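What follows is calculated from the coordinates using simple rules that are stated; it is not laboratory data. Just so we're clear, the structure is a prediction, and the values are computed from it rather than from any experiment. Counting neighbours? That spans all protein chains shown, and the Cβs are built from the backbone with ideal geometry, glycine included.
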Ligand code: BF8
Ligand code: SF4
């Protein structure tokens, strides 16, 4: 029976309209004299902070939080694998000409564990009564973006590839239709691979042929790219996965897991199991993974629980959603082919569609990208890759699925390789990063990383950028001066299309 207190995502969206002041980044709650809300240009908070200071501090905190998640992902992997942070990592990965720019600007992050200091310094700098120079705060934001890119995205992807192998190109299945009512369905949701991999291996053992492992969010995207495990959902449809009534266990780790899943799973026979010591959810079963041996044991026990739950499941379940075919599993090796396509003018440029699917943003972006694919190749990661797949666009010809959000390092690497091949800087190439529907802080830090690489970055939903403040000017002018990139907001897909058709890329 559905519990009364449970509301679906749509209801909660309607019951929680975004605060118009927060949406413009005009509020600050960094101290207890506030929260302070600014209503018009010229207003200041109790401490005298103006809108530039408040808005830039907010952005810095968003990017620091995003970077903490990606670098935390890498740290958890290192701990699990018993490895140490590599030496000179950024020096080894970043284009040489960019390192001189970053060094000159004082933006070269400290490496090894000390890069966490950059994140903690970002929090310190944006604390009440510390940094009130919005330009300096925004420069720190770019620096934390660099930390995110290398010590988060690059390092996580590299460690995953080393341990579990690189993905290979294959046909995959997506959408809620991959849930099979006649089978024992286990959903794995979250981001880090350690537990998901152990669970995948367990489900492949003899005796588990009737177990259907399906993925959700970035863990799902990784399993799909690496092994062809079907991907049921991105962030938006995670509740729908359980609502099918056909999920026997949903196992989660960190990031983008809605707490609403507890109430929802209680409405069915589903067990919700949390597996990361960092991410307990009240009401869920907690089975923390600490090392390889216990990952195996937890995986075994989860499969057992799913088999028991299956016996309790209603027998009349139908899934009213078709599975969709997609070509998946691309990696950096497509750089050569894309470079050739650019050289021979088969494509005008490359657009990376990255990041979240914010349910406050409509589906119109998909048809715009489809129209643009006549002229441009598309690289796709994270929840937006799922969206492109859901609408049948992941064909491996114009749209390339590159995996999870940490796999945006593959996008950065493809940009780097193509620029090198053409003896140009990244910024001189016709590249664009488009995040049409950011939801999580991580999406913004990825954007700032690409801006530091010299790529223009589009956001399709207001992030912490106040368009009435000097921030926009900073992001367009100062980024333009030093990195030859810009960060811009365009929430209207049609205008985005027209501007792009008019101006082109690069
Ligand atoms: O890291 S795209 S909603 S699932 S944050 Fe989250 Fe955004 Fe989805 Fe993966 Ni990425
Ligand atoms: Fe208000 Fe300043 Fe405190 Fe922010 S730091 S809440 S603007 S008084």
| note | What one gets for segment 267-425 as the Kirkwood radius, inverse of mean 1/r over different Cα pairs in Å, is 19.0 Å
| query | Based only on Cα atoms, what Rg/Rh ratio does segment 398-506 have, Rh being taken as Kirkwood's radius? | reply | 0.95
| When the convex hull of the C-alpha atoms of the chain is computed, what volume per residue in Å³ does it have? | 142 Å³
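At a Förster radius of 56 Å, what calculated FRET efficiency corresponds to the Cβ-Cβ distance of residue 40 and residue 308, to the nearest 0.05?
Calculated transfer efficiency: 0.40.
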| field | Using alpha-carbon coordinates, inclination of helix 441-453 to the longest axis of the chain, degrees | value | 50 degrees
| Cα-Cα P(r), segment 187-303, percent of pairs per 10 Å interval | 15, 51, 32, 2
| query | Nearest 10 degrees, 0 to 90: what angle lies between the long axis of helix 193-203 and the longest principal axis of the chain (Cα atoms)? | reply | 20 degrees
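Please compute the Kirkwood hydrodynamic radius over segment 137-195, one decimal place, Å, based on all pairs of different Cα atoms.
Its Kirkwood hydrodynamic radius stands at 15.1 Å.
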| field | Percentage relative contact order, the chain, counting C-alpha pairs under 8 Å, at least six apart | value | 17 percent
| Expressed as a whole percent, how much of the Cα-Cα distance distribution for segment 56-126 exceeds 17 Å? | 52 percent
| request: Can you pull a Stokes-Einstein diffusion coefficient for segment 21-81 at 10 °C (1.306 mPa s), Rh from Kirkwood over Cα pairs, as a whole number of µm²/s? | output: 121 µm²/s
| remark: Of all C-alpha pairs within segment 286-346, those more than 19 angstrom apart amount in percent to 69 percent
| request: Express as a percent, rounded to the nearest 5, the fraction of DSSP beta bridges in the chain (both residues included) that run antiparallel. | output: 15 percent
| Over its Cα atoms, what ratio of radius of gyration to 2.2 N^0.38 Å does segment 157-255 give? | 1.00
| Shape box of segment 2-164 [Cα atoms, principal axes, largest first, Å] | 53, 48, 26
| note | Relative to the compact-globule estimate 2.2 N^0.38 Å (N residues), the Cα gyration radius of segment 465-506 stands at a ratio of 1.27
| Over segment 332-398: Rg over Rh, Cα atoms, Kirkwood Rh | 0.99
| field | Sum of -39500 (n - 2.57) over DSSP H runs of 4+, divided by residues of the chain (222 nm, nearest 500) | value | -13000 deg cm²/dmol
| Kirkwood-based shape ratio for segment 73-227, expressed as Rg/Rh from alpha carbons | 1.10
| Principal axis lengths of segment 325-503 from Cα atoms, whole Å, largest first? | 42, 38, 31
